[in-house]
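Values quoted throughout were computed directly from the atomic coordinates according to the rules given, and no laboratory measurement underlies them. Remember, predicted model here, so these are calculated numbers, not experimental data. Methodologically, a virtual Cβ is constructed for each residue, glycine included, from the backbone with ideal geometry; neighbour enumeration extends over all protein chains shown.
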Amino acid sequence: MVRFAVIGTNRITDNFIEAAKLCKDFELVAVYSRTREKAVQYASKHQIALVYDNLEELAASKEVDAVYVASPNSLHADHSIMMLNGKKHVLCEKTIASNQKELAAMLKAAEDNGVILLEAMRSVFDPGFKAIQANLGKLGIIRRVTFQYCQYSSRYDNFKKGIIENAFNPIFSNGALMDIGVYCIHPLVKLFGMPQKIWGNAVILNNGVDGAGTIMVKYEGMQGELLYSKIANSNLPSQIQGEKGCMMIKEIPDPREITIIYNDGQKEDIPIYKYDNNMYYEVEELIRLIQTKSSAKEHNECSLMELSIMDEVRKQIGITFPADV
């Protein structure tokens, strides 16, 4: 069994616990919150034995093997490094760090302490994504990729009333790119590597945060476009266009429907069998890496490319986080 603690007591942590409990070698033993009262309440809700309101004590605990970090983006690096230095494996929620420099420091801490750091990028561990990879060759030479994730945020209603929550607060290294755009960027680099050129544009809201954006990328013989938004919805699928056909994907963060439409008009539906909550697969992968003493290098290289793109896009659209300074 791998004994887990969770940092964060929000909805995403609830979803994580729901999925992780399906993993046979997962055991939830501890929770951290800034206030002991909230930690106790959350522990009672999920029947968690150990409660912490001190990060140093959690990092030093002999009862914990791994930690799921679901604090705000701006705290990911500090919280993860503290846990890694305490010899804890870390599954850190996306976006794993505010910038590539922070991620490099996190990876160094993991290497120095002989533990695993993994970004909780649920989509790329998903059977739907594996189906994309397995069937990509049917498309022939790839010429265009269009990944999009546009989801109107309920928190935007509060934003328009002048209530700025974490999701729309650049102080917490947040915004549309970090919260939504990452779901387009990470699968792109997982499939095709680092692009040769990157162009970014965004809708900037009145507090300086990005509400929506578009990224154009160039590869040798191929181009791509990534569309993301927290202020509008889209019902269009993502797609990968090849010389022999086009793959339609719904949706890129949680692929459930994949159809290839060939040049002669024939259609092929790709079957996908998976759990409804696809956070399960990131937990399974971390546990596998821990138990087999394997390296997370392949996964971490994608996270480094992801943040390299995001750093460049933020530079182009003029968004700076406190963590950059």
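Expressed as a whole number of Å, what is the distance separating the alpha-carbon centroids of region 1-31 and region 78-146? Using only Cα atoms, the two centres lie 18 Å from each other. Projecting the Cα atoms of Phe321, Asn207, Ala20 onto the charge dipole of the chain, computed from C-beta unit charges around the Cα centre, puts Asn207 farthest toward the positive end.
Using alpha carbon coordinates only, what is the Rg to Rh ratio of the chain, with Rh defined as the Kirkwood radius?
On the way: Rg = 19.7 Å, Rh = 20.4 Å.
With Rg and the Kirkwood Rh in hand, the quotient comes to 0.97.
Could you put His76, His46, His186 in order, starting from the residue whose Cβ has the fewest other Cβ atoms within 10 Å? The most exposed by this proxy come first: His46, His76, His186.
What FRET efficiency would be calculated for the residue pair Asn10, Lys160, taking the C-beta separation as r and a Förster radius of 22 Å, to the nearest 0.05? Efficiency, from the Cβ-Cβ distance: 0.50. For Val90, the residues whose amide H sits under 5 Å from its own are Val67, Ile116, Leu117, Leu118, ignoring neighbours fewer than 5 places away on the same chain, with H placed 1.01 Å from N. Summary value for region 124-274: 32 percent relative contact order, contacts being C-alpha pairs under 8 angstrom separated by 6+ residues. Listed cross-link partners Lys45/Lys130; Lys45/Lys161; Lys88/Lys230; Lys218/Lys297; Lys62/Lys190; Lys45/Lys88 are compared with a 27 Å cut-off, the Cα-Cα value being larger for Lys45/Lys130; Lys45/Lys161; Lys88/Lys230; Lys62/Lys190. Each peptide among 295-304, 130-139 gets the average number of other Cβ atoms lying within 10 Å of its residues, and from highest to lowest they stand as 295-304, 130-139. In the chain, the DSSP beta bridges split such that about 55 percent are antiparallel, to the nearest 5. Partners of Lys101 within straight-line reach, counting lysines whose Cα lies under 16 Å from its Cα and excluding those fewer than 8 residues away in the same chain: Lys315.
Can you tell me the dipole magnitude for the chain around its Cα centre, using point charges on the Cβ only (Lys, Arg +1; Asp, Glu -1), in Debye to the nearest 20? It comes to approximately 280 debye.
Net charge near Gly200, counting Lys/Arg +1 and Asp/Glu -1 over other residues with Cβ under 10 Å of its Cβ? Local charge sum for Gly200: 0. The overall shape of region 124-274 is prolate: from the C-alpha gyration tensor, with semi-axes ordered a ≥ b ≥ c, the ratio a/c is 1.5 or greater and a/b exceeds b/c. Distance between the 7 Å Cα→Cβ label points at Ala134 and Asn206: 5.1 nm. Simple spin-label estimate for Arg34 and Arg143 gives 5.3 nm between the two label positions (7 Å along the Cα-to-Cβ direction from each Cα).
Show that you can apply the helix-only estimate: for the chain, add -39,500 (n - 2.57) for every DSSP H stretch of four or more residues, divide by all residues, and state [θ] at 222 nm to the nearest 500. Spell out each step's value before the answer.
Values: 11 runs with 114 residues, N = 325.
Mean residue ellipticity, 222 nm, calculated: -10500 deg cm²/dmol.
Toward the positive end of the charge dipole of the chain, with +1 on the Cβ of Lys and Arg and -1 on the Cβ of Asp and Glu, the farthest Cα among Ser303, Gln47, Gly128 is that of Gly128. Distant-in-sequence amide contacts of Tyr149, defined by a placed amide H-H separation under 5 Å and a gap of 5 or more residues or a different chain, comprise Leu227, Tyr228, Ser229.
Ordering Asn166, Tyr228, Gly245 by the projection of their Cα atoms onto the charge dipole of the chain, which places +1 on the Cβ of Lys and Arg and -1 on the Cβ of Asp and Glu, puts Gly245 at the extreme positive end. Placing +1 on each Lys and Arg Cβ and -1 on each Asp and Glu Cβ, with no other charges, gives region 16-143 a dipole about its Cα centre of roughly 520 debye. Normalised by the number of residues in the chain, the average gap of Cα pairs under 8 Å and 6 or more apart makes the relative contact order 19 percent.
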